[in-house]
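*Asks:* I am attaching a structure below and will ask some questions about it afterwards.
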Amino acid sequence: MSENETPLSTLSFSVSGRVGRPRAEVYEAVADPAQLSRYFTTGGARGRLEAGADVSWDFADFPGRFPVTVVEAVPHESIVIEWDAAPGSNESGRTRTTFAFSSIDDDTRTLVTITEESWNATGAGAKSAFGNCEGWTGMLAAMKVWVEHGINLREGFYA
């Protein structure tokens, strides 16, 4: 490490994708539990992603409900959630995920950026961060196909 570099203490990542629908429609595909259950939370989502809400997500491939706390929700712009981190991946036991929605091409398309943060720069933290990065990338691809074509990519993919 050069003397101008600071040591890496925490890990985070961002993934982005473009969805061929207006920003309000794409935001609803994440905020609305009925839609989220169709392409991502294959075991079902309970509760709308609204500020202060406690919701839960269940996945057929990772059975068991995951509690999700909505820290902030700005309709059609962003949603910030926190949920449990894998054991040993950070001190707080929670990670923070931000969904940002930006209109592009006169609001005929939406840029979705998902950023997750809060892992320690350790082997356990890296394993958790890489796993979640894979999950959010898959979610973006599944959301694009669901919102644009009504196809559930996850159906039969994991189980």
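Values in this text are rule-based calculations from the coordinates and carry no lab data. Computed from a prediction, not measured in an experiment: that's the story for all the values here. Cβ atoms come from the backbone with ideal geometry, glycine included; neighbour counts cover every protein chain shown.
*Asks:* Hey, can you rank 30-42, 123-135 by average C-beta count inside 10 Å, highest first?
*Replies:* In decreasing order of mean packing, 30-42, 123-135 become 30-42, 123-135.
*Asks:* How far apart, in nm, are two points set 7 Å out from the Cα along the Cα-to-Cβ line at LEU111 and at SER12?
*Replies:* Modelled inter-label distance: 1.7 nm.
*Asks:* With just the Cα atoms of region 1-131, tell me how far they stretch along each of the three principal axes, in Å, largest first.
*Replies:* 46, 37, 26
*Asks:* Would any residue of region 28-48 have its amide N under 20 Å from a label point 7 Å out along Cα→Cβ of ARG65? List them or say none.
*Replies:* 31-48
*Asks:* Using alpha-carbon positions, what is the distance between the centroids of region 49-83 and region 112-129, in Å?
*Replies:* 17 Å
*Asks:* For every helix of n ≥ 4 consecutive DSSP H residues, a contribution of -39,500 (n - 2.57) applies; sum these over the chain, divide by its total residues, and give [θ] at 222 nm rounded to the nearest 500 deg cm²/dmol.
*Replies:* -9000 deg cm²/dmol
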